[in-house]
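Each remark here refers to the structure printed beneath this line.
The values are calculated or read from the model by the stated rules, or taken from the named source; none is laboratory data. Source: prediction; values computed, not measured. As a convention, Cβ positions derive from the backbone with ideal geometry for all residues, glycine included, and neighbour counts pool all protein chains shown.
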Amino acid sequence: MPALVLENVEVIYDKVFLAIKGVSLEVGEGEMVALLGSNGAGKSTTLKSISGLLGPERGLVTRGEIRFGDRSILNMGAPERVAGGLVHVLEGRRIFGHLTPDENLVAAYRGRSVARFNELREQVYAYFPRLKERIKSKAGYLSGGEQQMLAIGRALMTEPKLIMLDEPSLGLSPLLVQEIFGIIGEINAREGLSVLLVEQNAAATLDIVSRAYLIEQGQVVMSGAADVLKSNPDVQDFYLGGAEHTDYRNVKHYRRRKRWLA
Amino acid sequence: MTFLRKLALTTALVAGLSAPVAAEDVKFGLLQDFTAVYTFVTGQYNQGQQDYLALVNAEGTLGDGNTVTAIVRDTGNQPQRGIEAYNRAKEEGAILFDFLSTPVSAAILDQAQADKNVVITPAHGRGDASDGTVFPYVFPMLPTYWAQAAALIEHMKETGGLEGKKIAIVHIDSPFGREPGPILEALSKQEGFEFQAFPYASPGNEQSAAWSEVRRYRPDYVLIWGAGGGQAVSVRTAIQNGIRPEQIHSVIWLAETDAANVGPQMKGVKRFEATASGTDHPIIQRIQEKVIDAGKGSGDQANVGNSYYNLGVATMAVAVEAARLGLEEGQPLTGETLKAGFEKIAGFDAEGLMPPVTYTAEDHQGGGAGRVSEWDGEKWVPVSEWKASYPELIRQVIEESAAKYAAEH
Amino acid sequence: MFYRLSGTYHTSYQADRKLWKIPTDRWLVIGLLILALLAPLYVSPLYLGSYVLPWVIWSAAALSLTLLMGLAGQLHFGFAAVMAIGAYASIHLVRAGIPFEIALLLSGLISAVIGAVFGGAALRVKGLYLVMATLAMQYLVDWVVVNVPAISGGAHATLRTPEVSFLFLPIESLASRYWLALGWAVLLTVFFMNVKRTSFGRALVAIRDKDFAAAVIGVDPFRTKLMAFFTSSFMGGVTGAILAFCFYRAVTPEQFGFNVSIQLVAMVLVGGLGSVIGSWLGAGFVLLAPIFLTNLVSGLAASGWVPVSQNFLSHLPLMIYGAMIIGFLLLEPLGLAKIYDNIRKYFLVWPFRHARS
């Protein structure tokens, strides 16, 4: 049974602007799925509709259905969804800058058991040993990569069944992106945690996920196994930066049209 | 009441076939502040006014089937709402207005004078409006704050002497609180006492700083000059600071509610009063009988006979008397004939509810007589006779101030 | 009303940047303006003098305040004091023999300078601390006005406005007073709509949204904030003078008290921060709703519908009024302007449900 199902979800901002129009997707249990797309395609809106954060931005799911496990979660508030095992790592990290990394983790743990808390915390520090080194300083002073790690670690403290990551590679060096993606893959493999990864960095993403959806102008235009997408010529041209070696003799003199936009 | 009025109107119309004049409905605009600053008084005051007008209609005081109707609106003490209420009531035919709010009265005074409508300003507004030559259509009607200060000083003189004594005036820091200043200044020279002012910040919920200074000043008498909730705080803080209740003398704004707030310590505190309190008066008795018991009262029965209730009754008693005298001039009653009616009132005392008042074209205060009463633990007991204190001095202050106003305009 | 966008294609930047891009809107505005100008002919003096006139003036005041609070994001809880300075300054200037037209400008300048001085002092602080600093201005100005007889006009503190004329039109009759106030309010409205399109307006918005981000693109936060206080106080000062000369005509300190400041803030918030139409709607609502409700409830009571005591009767409108404010803000937290905007947009795209994103 899939962990997360979106059926024909439509989101409207400010009562007039249609942001995503009928997005359907599925994330299976323990599966790692990517949602790819360019700027403004509706990726973040899709994630926010899942985690219940549309309200502050004056957005509303006007149509469709979102199910997590066997429950419809549309009527739940964001904290309730977290309690249900659904966690969202926001774009731009949004860590609590005035707290130390440790306090950030404490803040995210909603349970009562100290033993369980210590266990979770050790697990986070095991995945991200760098955080442990910076345990005393304020989180606001951490580097971008460390803050991203903290944001993911903080999400793990809620003991999620599904973690959604919104552009974890934002503003990070390729080496760091590799490191973080590696860790995400490791967590997915070890804990059996479902992952929904939103990215613009398609090349790195398609290497670690099993399936991917491609979203453009608020609609899913392509989906399938990562390998299939990777070999699709359109995806290669528009998302993967074309073939690695450019044959200048055969450079096209016209702009190639995306085939899915008839 | 509507039914009664209709009935009166129909009968008057039927009678009108033979009678020369039709019955008239005189309209008073009681456009007061029920919700903002004057709430401590307006409720009871207005209740007294409306109940008295109901009594007038029940008894036919105005004669010839004439009736009087109150147009009552809340202005929230906001001038712009007062202006709206005034214009609307004017259109509905009101010729007498009582705003019971200094800012609202001030904003409308000029317009009302130009419209030749009577504005009564009992216990609020400008004291110099008592000069009828400068303010022809304004009637302060009751003793001004200057007259009240003079009355309290004279009472101190009669009870303990003034020569070489010290008076502390503890007042709210506003133009109203500073009103007795000039009177005290003038009288201190004449009577040989010294005084000092101790202002506290509005609204007066916290006055300990002022009162600890009063304690150091060691006054023989204390004058408290505030209104509303601050008054009970004044009395309570005074007693905490070693002032005896008998030393405390208050402006007109000290009533049963404040006594209830202060508690048994209040016994012995004195205040100025312009009208008698209690229910033991013919008019109040008849209101009880013909209005309240007939189910036509406009508010809580328990208020009947309270100081502010009786104050409201007295203002309307004077106004209705003026209307009655004005109607003798001819119908319909206008602002001008109503003013003439006021100026014909001589020695009217509302069957003993208030001191006899006489209005002339010059004196719109009505003589400025009042008395001092003392709280005996249950009610206010008069401790002096109705009289006007230092009337020449008060008249002089009024005329000087009015002349200044006239010069500026 | 319908298909207003149909046939409207802007082919130049100039056309696209017009104040009213859609012809129907333009005609609507012109029609409203004509209706407003002719109001003295068909509105009874009661409604013109007690409803329309104060509404126009308070709208101008709300516009002045929303420049500061809505565009520049600087909270000001002492705006009635700014208006008081303008009102008292204009009266004293006219009494000193200066022509009314110039006195209006000068009183605006005096308010602007004093407002900017307080603003400058307050600029080191933000948010709630700025609220405290502007409150201090309110109390300070109140105190000075009440306690300096040279300003407030002596013992009873009522200052009558002298008779004046504006561009040879005597400001005496209700109609002339209304036209002057309307002229000023329309001027402010057009100014406000244009200021949003100037570099100054954009600088204000930049400061509001993130002042350090504005600083790194070369907008001097201190200078811009000071200019915001200056401009807004100038507008507020002249509005105060207009209020004194066209509406009250006899000025007392209570007319510019703290509660008036709060009312102005309420107008701006209920209307919608930084919105022109919101200032008009907010001023109308905050100013007139209590009056309408009071008359409505009194009317119902007189006809025997609500048989209650006078005291309750007087508070009932306040309760309804409070409930209405809460209701509106629950329905649309961005104020009346946003409600209007939603309705407008709904009809703009009608019969479709949504605009393209």
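Scanning the range C:166-215 for residues that are within 22 Å of the chain's Cα centre (by Cα) and assigned to a loop (DSSP other than H, G, I, E, B), we see that the one that is farthest from C:Ala62 (Cα to Cα) is C:Ile171.
Within the range B:256-296, being of a type in the set (Asp, Glu) and within 14 Å of B:Leu55 (Cβ to Cβ) holds for B:Glu289, B:Asp293.
If you filter the range B:106-134 down to residues that are charged (D, E, K, R) and within 17 Å of B:Ala94 (Cβ to Cβ), you find that the one that is nearest to the other protein chains (Cβ to nearest Cβ) is B:Asp115. Within the range C:63-85, residues that are in contact (Cβ under 8 Å) with a residue 12 or more places away in the chain reach partners that are buried (at least 24 other Cβ atoms within 10 Å of the Cβ) and basic (Lys, Arg) with beta carbons closer than 9 Å, at six or more positions or on different chains, in the pairs C:Ala72/C:Lys225; C:Gln74/C:Lys225. Comparison of C:Ser314, C:Ser279 shows that the only residue that is surrounded by 19 or more Cβ atoms within 10 Å (Cβ to Cβ) and either away from chain B (no Cβ under 14 Å) or on the phi > 0 side of the Ramachandran plot (or both) is C:Ser279.
Tell me, yes or no, whether the range A:13-22 has at least one residue that is away from every other protein chain (no Cβ under 11 Å), on the phi < 0 side of the Ramachandran plot and either of a type in the set (Lys, Arg) or not in a helix (DSSP H, G or I) (or both). No, the range A:13-22 contains no residue that is away from every other protein chain (no Cβ under 11 Å), on the phi < 0 side of the Ramachandran plot and either of a type in the set (Lys, Arg) or not in a helix (DSSP H, G or I) (or both).
Among the residues of the range B:196-224, the one identified as in contact (Cβ under 8 Å) with a residue 60 or more places away in the chain and out of contact with any Lys or Arg (no Cβ under 7 Å at 6 or more places or on another chain) is B:Leu223.
Checking the condition out of contact with any Gly (no Cβ under 6 Å at 6 or more places or on another chain) and surrounded by 15 or more Cβ atoms within 10 Å (Cβ to Cβ), which residue from C:Arg177, C:Arg223 passes?
C:Arg177 is the lone residue from the list that is out of contact with any Gly (no Cβ under 6 Å at 6 or more places or on another chain) and surrounded by 15 or more Cβ atoms within 10 Å (Cβ to Cβ).
Considered as a group, the residues in the range C:317-357 that are of a type in the set (Ser, Thr, Tyr) and under 15 Å from C:Val270 (Cα atoms) include one that is nearest to the other protein chains (Cβ to nearest Cβ), and that residue is C:Tyr321.
Any residue at all in the range A:77-86 that's in contact (Cβ under 8 Å) with a residue 60 or more places away in the chain, touching a helix residue (DSSP H, G or I) at 6+ places or on another chain (Cβ under 9 Å) and under 24 Å from A:Glu216 (Cβ atoms)? There is no residue in the range A:77-86 that is in contact (Cβ under 8 Å) with a residue 60 or more places away in the chain, touching a helix residue (DSSP H, G or I) at 6+ places or on another chain (Cβ under 9 Å) and under 24 Å from A:Glu216 (Cβ atoms). Quickly run through the range B:253-290 and pick out the residues that are among the β-branched types (Val, Ile, Thr), surrounded by fewer than 24 Cβ atoms within 10 Å (Cβ to Cβ), away from chain C (no Cβ under 14 Å) and closer than 25 Å to B:Met141 by Cα. B:Thr279, B:Ile283, listed by residue number. Out of the range C:1-49, which residues are in contact (Cβ under 8 Å) with a residue 60 or more places away in the chain and loosely packed, with under 12 Cβ neighbours inside 10 Å? Of everything in the range C:1-49, those that are in contact (Cβ under 8 Å) with a residue 60 or more places away in the chain and loosely packed, with under 12 Cβ neighbours inside 10 Å turn out to be C:Met1, C:Phe2, C:Arg17. Can you tell me which residues in the range C:79-98 are outside any helix (DSSP H, G or I) and touching a Leu at 6+ places or on another chain (Cβ under 9 Å)? Scanning the range C:79-98 gives a single hit, C:Ile98. Within the range B:318-339, being more than 15 Å from B:Val138 (Cβ to Cβ) and not β-branched (Val, Ile, Thr) holds for B:Glu321, B:Ala323, B:Arg324, B:Leu325, B:Gly326, B:Leu327, B:Glu328, B:Glu329, B:Gly330, B:Gln331, B:Pro332, B:Leu333. Of all positions in the range B:151-158, none carries a residue that is buried (at least 17 other Cβ atoms within 10 Å of the Cβ), free of Cβ contacts under 8 Å to residues at least 60 places away in the same chain, on the phi < 0 side of the Ramachandran plot and among the acidic types (Asp, Glu). Among the candidates B:Arg5, B:Arg73, the residue that is part of a helix (DSSP H, G or I), modelled with pLDDT under 95 and closer than 29 Å to B:Ile284 by Cβ is uniquely B:Arg5. Entry remark, the range C:327-341: residues being buried (at least 16 other Cβ atoms within 10 Å of the Cβ) and over 13 Å from C:Gly278 (Cβ atoms) number 0 in total.
The helices (runs of 4 or more DSSP H) found entirely in the range A:104-222 that carry 3 or more residues being in contact (Cβ under 8 Å) with a residue 12 or more places away in the chain are A:114-127, A:144-156, A:174-191, A:202-208.
For the residues A:Leu60, A:Leu4, the requirement of being within 14 Å of another protein chain (Cβ to nearest Cβ) and part of a strand (DSSP E or B) singles out A:Leu60.
C:Asp209 passes every criterion in (1) touching a residue at least 60 places away in the same chain (Cβ under 8 Å); (2) of a type in the set (Asp, Glu); (3) in contact with a Ser or Thr (Cβ under 9 Å, 6 or more places away or on another chain) apart from (3).
Here's the yes/no breakdown for (1) under 23 Å from C:Glu254 (Cβ atoms); (2) outside any strand (DSSP E or B); (3) of a type outside the set (D, E, K, R):
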{"residue": "B:Trp146", "(1), (2), (3)": "yes, yes, yes"}
{"residue": "B:Ala150", "(1), (2), (3)": "no, yes, yes"}
{"residue": "B:Ile153", "(1), (2), (3)": "no, yes, yes"}
{"residue": "B:Glu163", "(1), (2), (3)": "no, yes, no"}
{"residue": "B:Ile167", "(1), (2), (3)": "no, no, yes"}
{"residue": "B:Gly177", "(1), (2), (3)": "yes, yes, yes"}
{"residue": "B:Ala186", "(1), (2), (3)": "no, yes, yes"}
{"residue": "B:Pro199", "(1), (2), (3)": "yes, no, yes"}
{"residue": "B:Ser212", "(1), (2), (3)": "no, yes, yes"}
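For the range A:185-219, how many residues are more than 14 Å from chain C (Cβ to nearest Cβ), over 22 Å from A:Gly69 (Cβ atoms) and not small (Gly, Ala, Ser)? Qualifying residue count for the region: 9. Considering each residue of the range C:190-212 in turn, at least one proves to be at pLDDT below 90 and not charged (D, E, K, R). Taken as a whole, the condition of being loosely packed, with under 13 Cβ neighbours inside 10 Å and out of contact with any His (no Cβ under 6 Å at 6 or more places or on another chain) does not apply to C:Ile151.
Name the residue, out of C:Ala133, C:Ala103, that is without any contact (Cβ under 8 Å) to a residue 40 or more places away in the chain and either within 14 Å of chain B (Cβ to nearest Cβ) or in a helix (DSSP H, G or I) (or both). Testing whether each residue is without any contact (Cβ under 8 Å) to a residue 40 or more places away in the chain and either within 14 Å of chain B (Cβ to nearest Cβ) or in a helix (DSSP H, G or I) (or both) leaves just C:Ala133.
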